[in-house]
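Laboratory data are not the source of any read-out in this text; all were calculated from the coordinates shown. Values in this document were obtained by computation on a predicted structure and should not be read as measured data. Glycine gets a Cβ as well: all are built from the backbone with ideal geometry, and neighbour counts include every protein chain shown.
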Amino acid sequence: MLIIGNGRMITRDAANPFIENGAVAMDGNTIVMVGELEAVRAAYPDAEFIDAKGGVIMPAYINTHEHIYSAFARGLSIKGYNPQGFLDILDGQWWTIDRHLTLEQTKLSAYATYIDSIKNGVTTVFDHHASFGQITGSLFAIEEAAKDLGIRTCLCYEISDRDGMEKSKESVMENVNFIKHALADDSDMVAGMMGMHASFTISDETMALCNELKPEGVGYHIHVAEGIYDLHQCLKEHSKRIVDRLYDWNILGSKTLLGHCIYINEHEMDLIKDTDTMVVHNPESNMGNACGCPPTMALVHKGVLTGLGTDGYTHDMTESWKVANILHKHHLCDPNAAWGEVPKMLFENNAKIANRYFKKELGVLKKDAAADVIVVDYDPLTPMHADNVNGHLLFGTTGAMVQTTVCNGKVLMKDREVLVCDEAKVMADCRQAAKELADDINAGK
C-alpha cells in the first residue's frame, strides 16, 4: 500500500475535481481511495506515505506522439546540413539519423527518452519509431528499456518505401511481430500499433501488404499532411487527398492515430470524425519545421478525439501545452482560442486515446483507476480551486518541477531522484553512443 498526500490535489474526476489537502491511496497498480488527507491515512494507517509537502498531486501526464529515435539529435551537427524546407529536414537530419542507428543506440535512445519522461511526470508514451539501419528487433529493444524503467508504452515502427521495398517489408514485419507480442502480454503496460511514415513514402503495394498482414484489434499510427508536399504528391500520384486515400485503404478507424493533419480540408475533417479516427497535435515540431499551423481548434470543435504530443521536440507536456496555447491564439488572431481546447486535449483526450489501447483507466485520480500519480513542487501565489487549476498549471509549472512520479503503483522517481536505474551511468552510456552515432554520420562528409 502507498499513500501520497499533504498537497492540493487535482483529480480530473468531474465528480470530485479538487481537494485542498488531499491524498490518494494505491494498492498495487490500482487507486483504492481518494479524499482528504486525514480520512485516507485513517483508512490505511500502515501504508507507506510519501509527503507531497504542500505541492500539487495530480494524474501523471500522457504523451500521444513521441520519437525515441531522435534522442541523440540534441547538439548534433551534421556536416553540410543546410535545410531549405521540410523535405531537406527529413532527409538531411531525421532519415540520416535513423539510417545509422544500431539496436544498442536505439535502446539507449529509449532509456534517455523514458528517463526524461519520468522526470517530467510522463508515464504513458506513444512512440513512433524509425531505425532503418537496423529494423528487426528495434521495437523489442525499446520495450526492454520501457519494462526496465517501469513506464507504460505503445510502440510502432515507421513503415516507408523510402529506402527500398525490402526494408519496407522488413518494417511491416517488425510491426506485425511486435503487435502479436504485445497482444499476448497481459501486463497492460505495453501495446503495439501498425506504424506508417506518411502517404508520400508509402506505395499502394505497401498499403496492400499492411492491410493483409495487420493483426486484428489494433490501428495505425501515421503522419498526415505534416508538410504541403505530402498533399501535393497524393493529389498528383493518386488523384485524391490524403485522408481519402487512407480511407480507401481502410486505414482510418477508432484505433488509428493521425499525427499533425496540417493540410487537411473540411471534408477530410468530417471523414476523420465520421470514422472515429484519432488525431494528435504537435505544436513545437510544426513551428520548428516551418510546416504550418493545423486546424486543431476546428478538429476539437467538431468532436474529433484530438490529443497533444511532442513529436520528440521535448518530453515535457507542459511545454507542448504552453506552445499550443499561444500558437493558436496567434494563428487565429483570437485571444480566447485554446484556453479550453488544449487542456481538454492534454488531460481528457490523451487519456481517452491511451485507453483505446490500455485497459485500466488513465489520466484520473479516482477509485479503480490506474495508479499513475505525480507530485509537482508548486505553491500557488493566488487562490487555487477547481475552476482555475489549469491556469495555475499553465502559467505556474513546468515538467522540471515534478518531484515524484508513480507509474502502475511503482515509485519511479522520488524527490527528483530516479529510483529505477543508475541515471548517471545511463547518461554516460548515452553520451558515448551519441558520439559514435555522430562520428558515423559525419564520416567521409
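Structural remarks
- Between helix 317-332 and the chain there is an angle of about 60 degrees, using the helix long axis and the longest principal axis of the Cα atoms.
- What you get for the chain, charging only the Cβ of Lys and Arg (+1) and of Asp and Glu (-1), is a dipole of about 360 debye around the Cα centre.
- Inter-centroid distance (Cα atoms) of the range 401-415 relative to the range 192-258, Å: 37 Å
- Nearest 10 degrees, 0 to 90: helix 165-183 Cα axis against the chain principal axis: 30 degrees
- Length-normalised contact order for the chain - Cα pairs under 8 Å, 6+ apart - percent: 21 percent
- Expressed per residue, the C-alpha convex hull volume of the range 69-354 stands at 125 Å³.
- Of all DSSP-defined beta bridges confined to the chain, some 45% are antiparallel rather than parallel.
- Inter-probe distance in nm under a simple model that places probes 7 Å from Cα toward Cβ, at Asp334 and Ala184: 5.0 nm
- Subset of Lys107/Lys180; Lys119/Lys273; Lys107/Lys322; Lys107/Lys435 violating a 24 Å alpha-carbon distance limit: Lys119/Lys273; Lys107/Lys322
- Backbone HN-Hα couplings from phi across the range 309-316 [Karplus 6.51/-1.76/1.60, Hz, Gly and Pro as x]: x, 10, 6, x, 5, 8, 10, 9
- Sorting 4-11, 316-323 by average packing, meaning the other beta carbons within 10 Å per residue, from highest down gives 4-11, 316-323.
- Peptides ranked, highest mean first, by Cβ atoms within 10 Å: ranges 14-23, 269-278: 269-278, 14-23
- Among residues other than Glu66 with Cβ under 10 Å from its Cβ, the summed charge is -2 (Lys and Arg +1, Asp and Glu -1).
- Each Cα pair under 8 Å and six or more residues apart adds its sequence gap; the mean of these over the residue count of the range 201-336 is a relative contact order of 20 percent.
- The angle between the Cα long axis of helix 138-149 and the longest principal axis of the Cα atoms of the chain comes to about 10 degrees, rounded to the nearest 10.
- Couplings 3J(HN,Hα) of the range 247-257, computed from phi: 4, 5, 9, 6, 7, 6, x, 5, 9, 9, 10 Hz, in residue order, whole Hz [Karplus 6.51 cos²θ - 1.76 cosθ + 1.60, θ = phi - 60°; x for Gly and Pro].
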